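Here's the structure we're looking at; comments come further down.
The values are calculated or read from the model by the stated rules, or taken from the named source; none is laboratory data. Quick caveat, the model's predicted, so the values are computed rather than measured. Quick reminder, even Gly has a Cβ in these numbers, built from the backbone with ideal geometry, and neighbours come from all protein chains shown.
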Amino acid sequence: MTSELYPQLIALTTGLLLLTAVLQVWGRSLVRSIGLLAAQGVALAGLVLTVGFHVGEPGALFVAALVLVVKAIVLPWAMLRSARLIGETRERAALVNTAVELIVAAALTMLAYVVTGSLFGIGSDAAAHAVPVGFALVLLGFWQLLIRRSAVTQLIGFLVLDNGIATVSFLTSGGLPLTVELGASLDVLLVVLILGVLVVRMQAVHGHVDISELKELHD
Amino acid sequence: MAVWIWLLLLLPLFLAGVSYGLRRSAWTRWLPVIAAVLLLVGGITLVWLVGLSGPVATASGLLRVDALSAWMLVVVGAVAVVALWGGMDRSVSPVPPSSNPVQPSSRRRPGSLSATDGAALRPTTDPILASGSFAALLCLFLAAMTLAVVADNIGLMWVAIELTTITTAFLVASQGGRDSLEAAWKYVVLGAVGVAIAFLGITLLSAASLTSGEATVSWVLLLQHADALDPTLAKAAGALAVLGFATKAGLAPMHSWLPDAHSQAPAPVSGLMSGVLLSVAFYVILRIQAITDAAVGPELMRGLLLVAGLLSLAVTAGLVLTQRDYKRLLAYSSIEHMGLLALGAAAGGPLAIAAVLLHMLGHGLVKSAMFVVAGRILDYVGSHRVADVRNLLRLRPDLAGPFLLGSAALLGFPPFVTFFTEVGILVAGFQSGLLWPMLIACALLLIVFAGIARHVLSMTVGVPAGHPQTVPVTRRAPDTSAISPPQRISLPIALALTATTVLGFAWPLLGPLTAAVAALGGAQ
């Protein structure tokens, strides 16, 4: 890989990651949000491939394929199926309006840059420049978990958070050992499938999937 | 030697396959009990083997059993035996529709236990407990906890902890209905998000190790090269990892899922989750604390754990006094005991860590026995509410006796082992200069004591609120119909309580405990 192409590819993939996350905070359509999640999966796979080729990791192709299959195909498909099954394709009103959501999202992104700067210092490497995107994704995922009321969006928020962690992982240390990487992907896949099943059951039992209405258990 | 590790990991998987394959046979519910017994035997064997010839590693270093891992295997095995044997050996007697068995005297004529009542009271096996997939999930849950304690790679520990959430999700939801669905949803979302934060911490730990050459998250290697770790990254990594795993360990302020999940799950599952899953998550915190302490000094972890421990005690103290549900009461008591463990880990030093490790075993045995008894009280009374259970010592002494004794152990009465470990943790705290935190902890423990004692006494010897005359009336004419035929105390519960009494005086444990404490310091 030529030396000019590497920073460009890193910038392209991480830029795509951040853009999709912000668009998810903006939008109200669940179907589009799931589509953006699939795009995030593709960008993450591209990032894995770029970093892997740059450091000459032989397993990178395999990990990238794994990320592509799990995050860009299987998970979005399963979530789309759950959403269609319960007939929920649009988000209910969130706890705050869109303008506030976007302003906070911008503030969180800046926070991510500040935090990363103090953690890693100002690196000269293209990868080090892109690490804040991972932290921004983590915070944006949290933000969606906090303000959205539909159980399906909670799932999306969790996956954005997970994509952010994966981004940090690949950019800072080239990922964890393959066994751990496989196990972690499998875990995330299973958690999302379980939550998908619970969402469908919730629709059957409660007649809605609004998690702010889940308050029967309290002290 | 390494074959034991593989045996302990693969046998539960095999038993899970068998129970799923034979899903409709009633005896499949005994397969998890077999898995638990094997785990206990294997754990004791590994304690012995590690004591003879040092740590065992296999799978190119991914799995490694040192004295601490072996001790944790024994804890998991022992608690699982109590929770599963006691919990699965439960033939449910449905509540007779005619009356509530606890307060029947005013409505029923003496001797009115009719044939229909008899039929309704005949033990039937709970359909949930008898199903093969329930048994299979329990076996997988055991395998996941085993993997968490035998893994050397912190990433693999993370995978195993996440697997415990996955395997228990449907176990929590297995009773159906709105409440258990809500509990399961909160449990999985909070558990998964919390543990994801821990994964971010592990990622940063891997980045911090780049300064010492190759990136690694192997616990042994990280501890060996702890002084070469990037200090800023190591601090952030340790804080995030502890924050994440504290969610799973039920430490405040990340505890909100715990009372819901532990009170809604069926008895064997609550027993396992409260008795040992929390401790397994806390074990991972101990491992991470060892690395960050070696890398950046003990102040960071001590501060975090002190805050979490005191907050957990405060949350419990605030909520036990007014608690209306006895299963939630037990769940909050688990938060209290996790807070104590956090205080012990914050104090540090051989005495505190030994007390923490012994407390895991003592608390686990008692708590799982208590959840089993609470499950039977629930079957008998048909209600979660403290107010619906009165005068249990006269009505069902076989349940009230262990419930009283177990509560005494949870509250830290001598001669139970929890007394010695709690004193050990507090003394170690005073010795390491944590005077004020430990004094606050003592005050909070007193409030918890009052709250739990009040509810337990009202359940076992209290008089029903609406029937002020019940006791005088029955004293004149004992209402035999209200009292079930005498039943013996279930064997696993008796064993658990006996073990908790004996453990405090069991000097042979000193060797393994000292070795486990030394292992945490990196000693071979």
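Taking helices (runs of 4 or more DSSP H) that fall entirely within the stretch B:116-212, which contain at least 3 residues that are within 11 Å of chain A (Cβ to nearest Cβ) and modelled with pLDDT under 95?
B:154-172, B:177-208
Given the criteria among the acidic types (Asp, Glu) and closer than 18 Å to residue B:254 by Cβ, does residue B:336 qualify?
On the way: among the acidic types (Asp, Glu): yes; closer than 18 Å to residue B:254 by Cβ: yes.
For residue B:336, the condition - among the acidic types (Asp, Glu) and closer than 18 Å to residue B:254 by Cβ - is met.
What pairs come out if I take residues in the stretch A:1-20 that are assigned to a helix (DSSP H, G or I) and pair them with residues that are loosely packed, with under 15 Cβ neighbours inside 10 Å whose C-beta lies under 9 Å away, six or more apart or interchain?
Within 9 Å, the pairs are A:7/A:125; A:9/A:1.
Could you check the stretch B:249-342 for helices (runs of 4 or more DSSP H) lying wholly inside it with 3 or more residues that are at pLDDT 95 or above and farther than 22 Å from residue B:377 by Cα?
B:278-296, B:299-320
Right, residue A:203: assigned to a helix (DSSP H, G or I), of a type in the set (S, T, N, Q) and at the interface with another protein chain (Cβ under 7 Å from one of its Cβ atoms) or not?
On the way: assigned to a helix (DSSP H, G or I): yes; of a type in the set (S, T, N, Q): yes; at the interface with another protein chain (Cβ under 7 Å from one of its Cβ atoms): no.
Here the answer is no, as residue A:203 does not meet what is asked.
Can you report the number of residues in the stretch B:213-228 which are more than 17 Å from residue B:152 (Cβ to Cβ) and either outside any helix (DSSP H, G or I) or touching a Phe, Trp or Tyr at 6+ places or on another chain (Cβ under 7 Å) (or both)?
1
Can you find a residue in the stretch A:121-129 that is more than 13 Å from chain B (Cβ to nearest Cβ), buried (at least 23 other Cβ atoms within 10 Å of the Cβ) and in contact with a Gly (Cβ under 9 Å, 6 or more places away or on another chain)?
No: zero hits.
Would you call residue A:155 closer than 28 Å to residue A:11 by Cα, facing chain B (nearest Cβ under 9 Å) and without any contact (Cβ under 8 Å) to a residue 12 or more places away in the chain?
no
What about residue A:116, is it exposed (fewer than 13 other Cβ atoms within 10 Å of the Cβ) and in contact with a Phe, Trp or Tyr (Cβ under 8 Å, 6 or more places away or on another chain)?
On the way: exposed (fewer than 13 other Cβ atoms within 10 Å of the Cβ): no; in contact with a Phe, Trp or Tyr (Cβ under 8 Å, 6 or more places away or on another chain): yes.
Against the criterion (exposed (fewer than 13 other Cβ atoms within 10 Å of the Cβ) and in contact with a Phe, Trp or Tyr (Cβ under 8 Å, 6 or more places away or on another chain)), residue A:116 does not qualify.
Taking the stretch B:231-272 as the region of interest, how many residues are within 11 Å of chain A (Cβ to nearest Cβ), under 24 Å from residue A:216 (Cβ atoms) and over 13 Å from the mean Cα position of the chain (by Cα)?
Selection size over the stretch B:231-272: 4.
Taking helices (runs of 4 or more DSSP H) that do not extend beyond the stretch B:396-480, which have at least 2 residues that are at pLDDT 95 or above?
Details: elements: B:397-411, B:417-431, B:435-460, B:470-476.
Fully inside the stretch B:396-480 and qualifying: B:397-411, B:417-431, B:435-460.
Answer yes or no as to whether residue B:174 is touching a residue at least 40 places away in the same chain (Cβ under 8 Å), touching an Asp or Glu at 6+ places or on another chain (Cβ under 7 Å) and polar (S, T, N, Q).
No; evaluated as a whole, the condition is false for this residue.
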